[in-house]
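The values are calculated or read from the model by the stated rules, or taken from the named source; none is laboratory data. A quick note: this is a predicted structure, and the numbers were derived from the prediction, not measured. Reconstructed Cβ throughout: ideal geometry from the backbone, glycine too, with neighbour counts over all protein chains shown. Ligands, DNA and RNA are stripped out before the accessible areas are found, and what is left, the full protein with its side chains, is counted by its heavy atoms. Shrake-Rupley method; radii C 1.70, N 1.55, O 1.52, S 1.80 Å.
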Amino acid sequence: MVSDHLMIKAKAPKGIRSEAERTRMTLASARNSTTILFVFLLFSGAYMYSRCIGSNILASVNRFSPGSVTSASTPLPVKKKIHNQQPAPYSPLNCTAYNEIKKCTVNNPETLTDEEIDSSSSTKECPNYFRWIHEDLRPWKDTGITEEMIARANHSSNFRITIVNGKVYMQKIRPVFQTRDLFTIWGVVQLMRKYPGKLPDLDLMFDAGDKPKNKFKDYQGPNATAPPPVFGFCGQDSFVAIPFPDWSFWGWPEIRIRPWDTLLEDLKEGNRKTKWIDREPYAYWKGNPKVAPTRKDLIKCNVSEEQDWNARLYPMDWDAEDRGGFHQSNLADQCIHRYKIYIEGVGWSVSEKYILACNSLTLLVKPLYYDFFTRSLVAMQHYWPIKENDKCRSIKFAVDWGNTHKKIVRQIGTAASNFIQEDLKMDYVYDYMLHLLTAYAKLMKYKPIVPPGAVEICFESMACLEKGIRRQFMMESMVKAPSKTKPCTLPPEFDPAQLQAFNQENEDSIKEVESWENKCYKNQTK
């Protein structure tokens, strides 16, 4: 994996790039018929931007039409086999019984019968971002994972998850922020309810911070040891990390963000309330600017009496919002601008999926970090890239360009929203967890045992000890019955040339957008 990460930054050979281009053109012609429309729209831009959008831009932008790059699979429809027998739903939560014995009861079936599973569902291939599972586990492909590696992961982890004989155990190592550990573990428990008997024994360490801690360079050289395997919420090219779905998929009670299944429906409704063309023609961002210098720099782009950078930025005081009942932070009410800004905080930010789901064009300030699904996002197919070191002018150019090419940016925003709504729905989140943990367990060189000090975690022991909004979110995100379908099929690992070409093409797309912007401002100064 180390060599792969270094390799993809190099410029792809011409033969590879041409092969990737031919593949993309073939897929584009099969999946998308809007290229001609895009070219027509580009040539019909407003006169005021004729100097900014010159012939070079017009000649190259049509290859960025949504659908011209396949970052997520589009499974073919399959003929489903109908079964008379359905998996029985789980018994409802019974805290009275649990409180009497203070012990987890086993109400999960060990596995499902063939009659309870739709066998045709196994032909459905997972979205393309699942392929990164192979890359994230590559550092241990040759060495496997040993107890010694797990021990060395202790210094950079917050908790340990062990699964033995179908039971989940947790060992706390150091405190985490808010309830990140609680809802991450809850997600693992729900995975086991969704796919009973499917998770093998395993032993893993988890870092619940905003950015990874183990650098690649510390594990390179002839005498270097294999890096410790640590799961977390994000990764970065210079660090070793195994990205895992973040806690907020099951709810973020501290700031009243509901579980993902529920929130997706709320966001769909919010999108329907205000059509894109009727939204405010500005770039919107709301958040805490105090957590990072890059966000403080963003606030300088806010509208003032002296300057309008086409940005409407709203600093968020979460303490004040808490006292006010979170009435000003409902995500479904924030899809009222044509453009929404994503910018990292301390590190990776959980907000990216909410912004992409809004049907608005996402203006993505160049990020350092990625989570488990964002590496398959493509510039000018799912988002518009924003310079990190020149945010204000970059935002203004993007908004001005978009307001003169409405149909194009609207379709990019819709492509991103469809990606989130379809390829990141909760069923796929669980499938990703299952495939990742299964592949990880295959690398283990020892038989897991329950660590000293670890406690058994189960559905009852978690939900019965919580109350208020934490209990509410657990009930909302609870898996009520085993899945009647098989998980999607894990796609194969990237061919190195494909991976290199994909990353190079995306990088070239970002640089090309930056060149348009530079030419525009250069022409304005003449």
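Across region 299-319, the number of residues qualifying as closer than 28 Å to residue 411 by Cβ and part of a helix (DSSP H, G or I) comes to 0. One residue stands out among those in region 303-332 that are at pLDDT 80 or above, surrounded by 13 or more Cβ atoms within 10 Å (Cβ to Cβ) and farther than 19 Å from residue 355 by Cα: the one that is nearest to the chain's Cα centre (by Cα), which is 309. Of all residues in region 333-343, those that are surrounded by fewer than 23 Cβ atoms within 10 Å (Cβ to Cβ) and out of contact with any helix residue (DSSP H, G or I) (no Cβ under 6 Å at 6 or more places or on another chain) total 4.
Criterion first (assigned to a loop (DSSP other than H, G, I, E, B) and among the hydrophobic types (A, V, I, L, M, F, W, C)) does residue 494 satisfy it? Taking the combined requirement at face value, the residue satisfies it. Mind checking whether some residue in region 177-190 is touching a strand residue (DSSP E or B) at 6+ places or on another chain (Cβ under 7 Å), within 30 Å of residue 88 (Cα to Cα) and of a type in the set (D, E, K, R)? Yes, region 177-190 contains a residue that is touching a strand residue (DSSP E or B) at 6+ places or on another chain (Cβ under 7 Å), within 30 Å of residue 88 (Cα to Cα) and of a type in the set (D, E, K, R). Quick check: anything in region 484-507 closer than 26 Å to residue 102 by Cβ and more than 19 Å from the chain's Cα centre (by Cα)? There is no residue in region 484-507 that is closer than 26 Å to residue 102 by Cβ and more than 19 Å from the chain's Cα centre (by Cα). The residues of region 261-275 that are buried (at least 21 other Cβ atoms within 10 Å of the Cβ) and either touching a helix residue (DSSP H, G or I) at 6+ places or on another chain (Cβ under 6 Å) or not assigned by the TED database to the domain that holds residue 361 (or both) amount to a single one, 267.
Taking the criterion of being crowded, with 16+ Cβ neighbours inside 10 Å and not in a strand (DSSP E or B), the residues of region 281-298 that qualify are 289, 292, 294, 295, 297, 298.
All of 139, 200 fail the test of being open to solvent by 20 Å² or more (accessible area, probe 1.4 Å) and touching a strand residue (DSSP E or B) at 6+ places or on another chain (Cβ under 7 Å), apart from 139. Pairs linking a residue in region 245-266 that is under 12 Å from residue 477 (Cα atoms) to a residue that is open to solvent by 10 Å² or more (accessible area, probe 1.4 Å) and basic (Lys, Arg), with Cβ atoms under 7 Å and 6 or more positions apart or on different chains, are 247/180; 251/258. For residue 214, the test of being within 26 Å of the chain's Cα centre (by Cα) and more than 18 Å from residue 252 (Cα to Cα) is passed.
From the residues in region 229-260 that are among the hydrophobic types (A, V, I, L, M, F, W, C) and under 25 Å from residue 319 (Cα atoms), which one is surrounded by the most Cβ atoms within 10 Å (Cβ to Cβ)? Among residues in region 229-260 that are among the hydrophobic types (A, V, I, L, M, F, W, C) and under 25 Å from residue 319 (Cα atoms), the one surrounded by the most Cβ atoms within 10 Å (Cβ to Cβ) is 250. Number of residues in region 480-500 that are surrounded by 19 or more Cβ atoms within 10 Å (Cβ to Cβ) and closer than 21 Å to residue 265 by Cβ: the value is 1. Against the numbered list (1) open to solvent by 80 Å² or more (accessible area, probe 1.4 Å); (2) at pLDDT 80 or above; (3) in a loop (DSSP other than H, G, I, E, B), residue 106 comes up short only at (2).
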